[in-house]
1. For the range 511-529, enumerate the residues that are open to solvent by less than 40 Å² (accessible area, probe 1.4 Å) and among the small types (Gly, Ala, Ser).
2. So which residues in the range 183-223 are modelled with pLDDT of 95 or more, crowded, with 19+ Cβ neighbours inside 10 Å and in a loop (DSSP other than H, G, I, E, B), if there are any at all?
3. Which residue is nearest to the chain's Cα centre (by Cα), if the candidates are limited to the range 429-447 and must be open to solvent by less than 30 Å² (accessible area, probe 1.4 Å) and closer than 24 Å to Asp482 by Cβ?
4. Examine the range 503-518 for a residue that is modelled with pLDDT of 95 or more, assigned by the TED database to the domain that holds Thr567 and closer than 22 Å to Ala458 by Cβ, and state whether such a residue exists.
5. Which members of the range 391-428 meet the condition of being open to solvent by 10 Å² or more (accessible area, probe 1.4 Å), charged (D, E, K, R) and within 20 Å of Ile377 (Cα to Cα)?
6. Taking the stated definitions as given, is Leu384 surrounded by 19 or more Cβ atoms within 10 Å (Cβ to Cβ) and more than 20 Å from the chain's Cα centre (by Cα)?
7. Do we find a residue being open to solvent by less than 30 Å² (accessible area, probe 1.4 Å) and either over 18 Å from Leu464 (Cα atoms) or in a helix (DSSP H, G or I) (or both) anywhere in the range 372-380?
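The values are calculated or read from the model by the stated rules, or taken from the named source; none is laboratory data. Predicted model, so just to flag it, every value in this text is computed and none were measured. Note: ideal-geometry Cβ built from the backbone for every residue, glycine included; neighbour counts use all protein chains shown. In case anyone asks, the SASA skips ligands and DNA or RNA and just uses the protein heavy atoms, side chains included. Shrake-Rupley method; radii C 1.70, N 1.55, O 1.52, S 1.80 Å.
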Amino acid sequence: MTTAAPTQDADLIDSRYRAPLVILTSTEHPPSVGGPEPGEPPVRDDTGGAPGEPAPPAGSVGAPGVAGSPGSAGAVGTAGAGGAAEGTAGAAVGWDCSVLAVVVTSVDGAAVVGEQGRSACARVGADPDRLIENEAFRGDAGGVLVVPLSRSERPWRLFLLGVGAGGTADWRSAGAALARRGGTRGRPFVVAEPDAEQIYAFVEGFVLGSYRPADAVTGATPEDAVTGTAHEAGTEPAPESAESAESAPDEPPAGPRAERILVLRTERAENPALIEAVRRARAVADGVCLARDLINMPSLVKTPRWLADQAVRAASQAGLGVTVLDHSDLVSQGFGGLVAVGGGSPRPPCLVRLTYDGPSAPGGRTPGHRVLVGKGITFDSGGLSLKPSVSMASMKTDMSGAAAVLGAMVTLAELEVPGKVTALLCLAENMIGASAVRPGDVITCWGGTTVEVLNTDAEGRLVLADGLAYAAATLAPDQIVDLATLTGAITVALGRRTAGLFSSDDTLAGELADAAGRAGERVWRLPLTEEYRPAIDSPVADLANIGRALDVNGGSITAALFLREFTAGLPWAHFDIAGTARADSDDGEISRGGTGWGVRTLIAYLAGAPAGEQPT
């Protein structure tokens, strides 16, 4: 019996979700439908072209939203009192803002609207104080009071948008709430006065809350993306104008993704710190969305080779060095863990190596060589230690660690992160087959350590063992960090919103915990309990892949202790993201399906700077 190859040849990189356009303006009100008012200067795109000129091709320098495009303006613009955005991607798109969103803070339990917000409400005939009193609106973070407006022109809806006490997490929640309540074509005009950190969090939350799976994931055709016939309940289709009906012959019609725009009204629209914060937020969120799209891709398409090809394309666009070791390379070079785990599948394993050489940090400091290792099991049946069907249904997400590492790596150049970073993506499919590894087999991982495989469903640590040992022995790292959906025990211990952090080095653990806190991703450090180490001893090999010799339970701890054996005593940390990598429903900036957890934390760790600020 032969296994048919998948018929789809889906290319995710070109169709993947991109961050919406963001325009900063100091204008007092949204321009009329189709763009600025008569007599105002035209909106120009990143390439300097006037409306009607062909947009740059996807992937080119200056293309809207391309992560890692050198010199790209990043679809961030500023507009003066006239309302025209200079340097803004997406010429001739027009603002067409159907939603006016006014930020409301909560002070001692009372909702407070600022002076600019009151002025904006008055222009559309709304009394914010009466609305707040009638609806008992408190302005809590992420709270939205929706008010339909009886108007023939836009905006058609008023949102009172709560930011709570105004903390970074509050603004992130507000951005996500606005994205979800505004619909896919809402084009909100937001009146607020955030600082750099707050606007970073708000834009990040808006982009992540706006996420929709790529066309390659959903199976949508290019024609579906262009026509955009479907729109969410509660959103209004934009009326077609003569100008929109007669688009330039060389310019393709804008699809629903291209129409997503966020306009932020602030008195400091030309403040360089705000502009830079928006640019960085979009870049980081793009990395998260890339990881989400990869995670959400069905495993029929997502073979180890397919995932490696997507990594090569994304890395090449971002200017990274990339090398792929195929099955024959893995066999000849002794990657016994990857070869054994992938042995039961007709779709062979591979290993992707990504390299980034960033600039020196200010003052000539060198942050050292950081190495990231990601578990990339493209589907996990459990192997001969077969999973129950209910546990198998979500196993297309078992490569979330590798996806997060890739999402972080392709963002580094755009953010000009200092130092050298290398990433290893350990890719395999764990299936049942005549050549599958059996319980009781002894395999030899890279570097010569032998492992007795007692449970083939504890496969992630075997592929990571190869990556960690290879990194420690050949890459001369100063620090090693791995991410993996490793154990179900971590979900029992910490739930679905907190990742487990294990580390052999207190300094590294502190850096990562601080980075996660700044990024808005929760972690909890767990111990590497030395008394549990004998549990992974084996009478026939150097190690056993699960705890058997000593009945201590603590599956997440014994798994981390197993990984530590392959790090050669170097500073090392391990994120167990089995709980946080996937979600059953939308929640704030977290999306249903693959969450992309870890991208933001890794970038914050590598950049070493507070959210919204340049690395220092």
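1. Selection gives Ala515, Ala516, Ala519, Gly520.
2. Of everything in the range 183-223, those that are modelled with pLDDT of 95 or more, crowded, with 19+ Cβ neighbours inside 10 Å and in a loop (DSSP other than H, G, I, E, B) turn out to be Ala192, Pro194.
3. Across the range 429-447, the extreme among qualifying residues is Glu429.
4. Yes, that holds for at least one residue.
5. Of everything in the range 391-428, just one residue is open to solvent by 10 Å² or more (accessible area, probe 1.4 Å), charged (D, E, K, R) and within 20 Å of Ile377 (Cα to Cα), namely Lys396.
6. Answer is yes for this residue.
7. No: zero hits.
Listed here are the residues, each with its yes/no results for (1) out of contact with any strand residue (DSSP E or B) (no Cβ under 6 Å at 6 or more places or on another chain); (2) outside the structural domain of Ala402 (by the TED database).
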| position | (1), (2) |
| --- | --- |
| Ala291 | yes, yes |
| Met297 | yes, yes |
| Ala318 | yes, no |
| Arg347 | no, no |
